[in-house]
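Peer 1: Dropping the structure in here first, questions after.
The values are calculated or read from the model by the stated rules, or taken from the named source; none is laboratory data. Here the structure is a predicted model, which is why all the values come from computation and not from measurement. Cβ sites come from the backbone with ideal geometry, for glycine too, and all protein chains shown count toward neighbours. Just the protein is used for accessible areas: all its heavy atoms, side chains included, with ligands, DNA and RNA removed. Shrake-Rupley method; radii C 1.70, N 1.55, O 1.52, S 1.80 Å.
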Amino acid sequence: MYVNSPGAESGSYSLTFLGKKVGRHRSVAPAGKQFAWETTVRSACPEDRVVSSRVAKVPVAAQELEELPGSVPELQDERPCPIIHNTQLDQYEKTTAGKIRVFCRIRPVSRAEAAQGGAIVVEKIDEYSVTVETPRGPREFQFDKVFSAEASQEDLFHDTSRLIQLAIDGYNVCVFAYGQTGSGKTFTMVGDKEQKNPGIIPRAFNAMFDIMRENSSKFSFKVSAYMLELYNDRLQDLFASQAGEAHAHTQSHGQARRVEIKRNRKGVVFAQGAETKEASSAQELYALFQQACANRHISATKMNMESSRSHLIVGIMVESRNLTNGSVSSGKLSLVDLAGSERAAKTGAKDHQLKEANSINKSLSALGDVISALSAELPHVPYRNSKLTQVMQDSLGGNAKTLMIVNISPTEYNLDETLTSLIYATRVKAITNNAQRNVESKEIAQLKEVIMKLRSGQSVEEEDV
């Protein structure tokens, strides 16, 4: 969420043509590129929106706004009671409306790379730009935010956490990490084993329940989760008790529950057949996540000692009920750790690992085709070419507020893969989504409960109708 201001970074550069200076170019941070922090205004909106109090408290503007940024038009007439409206989030929704946001994270040089003495070819220029030295000269890429190797997990999450608020407000939200194998995707999303440096997923769990606890006097909440992996182009429920080859064996004999990707009427993707489990605290949710990760396929390669051999999809559903007017909003937070693209010559993959690598590369190639089709606004988008693209259909060109974090290596050894990742990430910036808030009135919510009871054979009392 950005606004134009004098604080935006700027610089002056000379332009030359055929060795002659032809003028000076003044660059400024891309339009709307400074954070509008800690600002609130008073608005005539209802108490049907959860607002985090962790935004700095500042005096409330006395003047009411006629039209609220980020508000739901069809509900504006039903907004009699004024509350403190979170302008930080409103501006975030307004400035990012439609477009997918893309962050770039440069990982530190690994020990193996340092031992090889490879040259550093990637450099962060400013908050929004990164340059790559290629044999044909430097290439510059611009993103919504660039994080250098020195950036901490907390720095990255600080600019990501606002999406958690939107999921609680009833939006479909997706955060996914993209990049070659060994580029730091799992560290970004999950963190280290000891959780001394937790990633986006565990931090999102804590932030979500912090916001819900702060608003518990006005809202009741229900949180549930499913966790899947896409392994060898097969969706597997990570809550299943069996893992690895045993799990694959039972699935081949038809004993395991089949998981299929479906879309509801609003275009939101859900996993039919996957087990969902409720959680009443961040600790419970993280325990479920640990259980899921224990069943995930990983193995060592020359590029990565703990290489993910599958795509991880974590879906967190949040239902919030307004205790004042009875309205119900339903949001979904999708957290995706994609497996990295691989070259067998670099990873040393053979036999079973080679089959895994081929499946990973095939699904990532299908994802690239979808990204290319969407960025070029082609009439046909090949979502059905892979289960990965079906899973991410609502996050790419669908009903979601999406953040892509492209992870890259800084060394010359991985130059080709780095350029490929940055080119695809640049294309993602051009993709337009149509995110809509999922909110229902008290009456609709009651009717849905009655239908659910009737379908399950329960009796319905007169007061339920």
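Peer 1: Run down Phe176, Phe187 and say which single residue is farther than 25 Å from Lys266 by Cβ, in contact (Cβ under 8 Å) with a residue 24 or more places away in the chain and hydrophobic (A, V, I, L, M, F, W, C).
Peer 2: Only one candidate passes the filter, namely Phe187.
Peer 1: Okay, moving on. Using the structure shown, decide if Ser161 is closer than 27 Å to Lys222 by Cα, out of contact with any Gly (no Cβ under 6 Å at 6 or more places or on another chain) and among the small types (Gly, Ala, Ser).
Peer 2: Against the criterion (closer than 27 Å to Lys222 by Cα, out of contact with any Gly (no Cβ under 6 Å at 6 or more places or on another chain) and among the small types (Gly, Ala, Ser)), Ser161 qualifies.
Peer 1: So, one more: Among the residues in the range 163-183, are any open to solvent by 10 Å² or more (accessible area, probe 1.4 Å), under 13 Å from Leu333 (Cα atoms) and not hydrophobic (A, V, I, L, M, F, W, C)?
Peer 2: Yes, the conditions are met somewhere in the range 163-183.
Peer 1: Of all residues being buried (at least 20 other Cβ atoms within 10 Å of the Cβ) and in a strand (DSSP E or B) in the range 291-309, which is modelled with the highest pLDDT? Just the residue, please.
Peer 2: Among them, the one singled out is Ser308.
Peer 1: Please verify whether Glu194 is out of contact with any His (no Cβ under 8 Å at 6 or more places or on another chain), acidic (Asp, Glu), closer than 25 Å to Ser320 by Cα and open to solvent by 20 Å² or more (accessible area, probe 1.4 Å), treating the condition exactly as stated.
Peer 2: So Glu194 fails the test.
Peer 1: Could you tell me whether any residue of the range 430-438 is out of contact with any Lys or Arg (no Cβ under 7 Å at 6 or more places or on another chain), of a type in the set (D, E, K, R) and either modelled with pLDDT of 90 or more or over 30 Å from Gly326 (Cα atoms) (or both)?
Peer 2: No, the range 430-438 contains no residue that is out of contact with any Lys or Arg (no Cβ under 7 Å at 6 or more places or on another chain), of a type in the set (D, E, K, R) and either modelled with pLDDT of 90 or more or over 30 Å from Gly326 (Cα atoms) (or both).
Peer 1: Gln446 passes all but one of (1) modelled with pLDDT of 70 or more; (2) of a type outside the set (A, V, I, L, M); (3) open to solvent by less than 80 Å² (accessible area, probe 1.4 Å); (4) out of contact with any Ser or Thr (no Cβ under 9 Å at 6 or more places or on another chain); which number fails?
Peer 2: Of the numbered conditions (1) modelled with pLDDT of 70 or more; (2) of a type outside the set (A, V, I, L, M); (3) open to solvent by less than 80 Å² (accessible area, probe 1.4 Å); (4) out of contact with any Ser or Thr (no Cβ under 9 Å at 6 or more places or on another chain), the odd one out for Gln446 is (1).
Peer 1: Could you run through the range 371-412 and say how many residues are within 24 Å of Ser359 (Cα to Cα) and outside any loop (DSSP other than H, G, I, E, B)?
Peer 2: The total comes to 17.
Peer 1: Then there is this: Provide a single number: the residues in the range 128-186 that are aliphatic (A, V, I, L, M) and within 21 Å of Ala430 (Cβ to Cβ).
Peer 2: Adding up the residues that qualify gives 7.
Peer 1: Let me ask something else. Here are the criteria: (1) under 19 Å from Asp144 (Cβ atoms); (2) buried (at least 24 other Cβ atoms within 10 Å of the Cβ). Tell me which single one Phe205 does not satisfy.
Peer 2: Status for Phe205: all satisfied but (1).
Peer 1: How many residues, within the range 271-290, are open to solvent by 30 Å² or more (accessible area, probe 1.4 Å), within 13 Å of Asp237 (Cα to Cα) and out of contact with any helix residue (DSSP H, G or I) (no Cβ under 8 Å at 6 or more places or on another chain)?
Peer 2: 3
Peer 1: If you take the residues of the range 335-362 that are hydroxyl-bearing (Ser, Thr, Tyr) and open to solvent by 10 Å² or more (accessible area, probe 1.4 Å), which of them is modelled with the lowest pLDDT?
Peer 2: By that ranking, first place goes to Ser341.
Peer 1: Right, another one. Given (1) among the β-branched types (Val, Ile, Thr); (2) over 21 Å from Arg427 (Cα atoms); (3) not in a loop (DSSP other than H, G, I, E, B), identify the lone condition not met by Val109.
Peer 2: (3)
Peer 1: Next question, about the same structure. Could you grab me the full set of residues in the range 156-203 that are under 24 Å from Gly368 (Cβ atoms) and of a type in the set (Ser, Thr, Tyr)?
Peer 2: Answer for the range 156-203, where residues must be under 24 Å from Gly368 (Cβ atoms) and of a type in the set (Ser, Thr, Tyr): Thr160, Tyr178, Thr181, Ser183, Thr186, Thr188.
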